[in-house]
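Structure, as structure tokens:
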């Protein structure tokens, strides 16, 4: 099934994948969204979502398309949304599996000492002595805290170290300077 009104679009250079369309919700074209973040504010703040089909699912389009969001909200323990181009359950089901991208410039401003994970990936990590510890490859949520997964080379082979992303170990985060300074040693 193709969906009338879905416009082919160019994926913005600063696009970040923020979730996937899970399934239809109700009969009026609403759909459930599985966000990639526990705090999906970007889904609520942007009225323009860019969709790409996943490996399996979302047969309604190819390439990148623009979806103009009418409303996105929390419902029970999930996120539901409606779009101008999606007018019934069949159209919503046709989007199942679609990957959702939002321009980073559309994200709400983070509060002081709060960071979007996407902004931390790739930052250099150094300790107080100025010793390079590696580069942030990913972040893990372990429940009570977030952990930086820092990649580096050890004896010519890729390795990683995990550093809790808490104020006891993280001194400064300089996103524009692409650097995180930590109270951590290379042999920990």
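The values are calculated or read from the model by the stated rules, or taken from the named source; none is laboratory data. None of the values given here were measured: they were computed from a predicted structure. Glycine gets a Cβ as well: all are built from the backbone with ideal geometry, and neighbour counts include every protein chain shown.
For residue 89, indicate whether it is closer than 24 Å to residue 12 by Cβ and outside the structural domain of residue 166 (by TED's automatic domain parsing).
On the way: closer than 24 Å to residue 12 by Cβ: no; outside the structural domain of residue 166 (by TED's automatic domain parsing): yes.
The answer is no for residue 89.
With the condition being in contact (Cβ under 8 Å) with a residue 60 or more places away in the chain, I'd like the strands (runs of 3 or more DSSP E) fully within the range 6-68 carrying at least 2 qualifying residues. Working first, answer last.
Details: elements: 15-25, 30-35, 48-52.
Ranges flagged: 15-25, 30-35.
How many residues are touching a helix residue (DSSP H, G or I) at 6+ places or on another chain (Cβ under 7 Å) and part of a loop (DSSP other than H, G, I, E, B) when one looks only at the range 139-166? Break it down into steps so the answer makes sense when it comes.
Quick first cut of the range 139-166, residues touching a helix residue (DSSP H, G or I) at 6+ places or on another chain (Cβ under 7 Å) only: 139.
If we keep only those that are part of a loop (DSSP other than H, G, I, E, B) too, we end up with none.
Of the residues in that region, 0 qualify.
So is residue 173 assigned to a strand (DSSP E or B) and either under 23 Å from residue 104 (Cβ atoms) or modelled with pLDDT under 95 (or both) or not?
Values: assigned to a strand (DSSP E or B): yes; either under 23 Å from residue 104 (Cβ atoms) or modelled with pLDDT under 95 (or both): yes.
The answer is yes for residue 173.
Identify all residues within the range 69-103 that are closer than 11 Å to residue 29 by Cβ and assigned to a loop (DSSP other than H, G, I, E, B); write none if there are none.
Across the range 69-103, the qualifying residues are 84, 85, 86, 87, 88, 95.
Return the only residue of 111, 98, 72 being in contact with a helix residue (DSSP H, G or I) (Cβ under 7 Å, 6 or more places away or on another chain) and within 28 Å of residue 146 (Cβ to Cβ).
On the way: 111 fails: in contact with a helix residue (DSSP H, G or I) (Cβ under 7 Å, 6 or more places away or on another chain); 98 fails: in contact with a helix residue (DSSP H, G or I) (Cβ under 7 Å, 6 or more places away or on another chain).
Being in contact with a helix residue (DSSP H, G or I) (Cβ under 7 Å, 6 or more places away or on another chain) and within 28 Å of residue 146 (Cβ to Cβ) holds for just one of 111, 98, 72, which is 72.
Could you check the range 76-93 and list, in sequence order, the residues that are at pLDDT 90 or above and either under 15 Å from residue 32 (Cβ atoms) or crowded, with 21+ Cβ neighbours inside 10 Å (or both)? Break it down into steps so the answer makes sense when it comes.
Initially, the range 76-93 is screened for residues at pLDDT 90 or above, giving 79-93.
Once the filter is applied, which keeps residues that are at pLDDT 90 or above and either under 15 Å from residue 32 (Cβ atoms) or crowded, with 21+ Cβ neighbours inside 10 Å (or both), the range 76-93 yields 79, 80, 81, 82, 83, 86, 89, 91, 92, 93.
Closer than 25 Å to residue 37 by Cβ, assigned by TED's automatic domain parsing to the domain that holds residue 81 and out of contact with any helix residue (DSSP H, G or I) (no Cβ under 8 Å at 6 or more places or on another chain): is that true of residue 123 in this structure? Show your work before the answer.
Details: closer than 25 Å to residue 37 by Cβ: yes; assigned by TED's automatic domain parsing to the domain that holds residue 81: no; out of contact with any helix residue (DSSP H, G or I) (no Cβ under 8 Å at 6 or more places or on another chain): yes.
When the stated conditions are applied, residue 123 does not pass them.
So residue 114 clears everything in (1) surrounded by fewer than 17 Cβ atoms within 10 Å (Cβ to Cβ); (2) touching a strand residue (DSSP E or B) at 6+ places or on another chain (Cβ under 6 Å) except one condition, right? Which one?
Here residue 114 meets the rest and fails (2).
Return a yes/no flag: does the range 127-138 have any residue that is assigned to a loop (DSSP other than H, G, I, E, B), within 15 Å of residue 37 (Cβ to Cβ) and touching a residue at least 40 places away in the same chain (Cβ under 8 Å). Step through it out loud before you land on a result.
First, pick out the residues of the range 127-138 that are assigned to a loop (DSSP other than H, G, I, E, B): 128-131.
Now drop any that are not within 15 Å of residue 37 (Cβ to Cβ), which leaves none.
Taking every residue of the range 127-138 in turn, none turns out to be assigned to a loop (DSSP other than H, G, I, E, B), within 15 Å of residue 37 (Cβ to Cβ) and touching a residue at least 40 places away in the same chain (Cβ under 8 Å).
Hey, could you check the range 2-60 for residues that are modelled with pLDDT under 90, surrounded by fewer than 19 Cβ atoms within 10 Å (Cβ to Cβ) and at positive phi and say which is nearest to the chain's Cα centre (by Cα)?
The qualifying residue nearest to the chain's Cα centre (by Cα) is 57.
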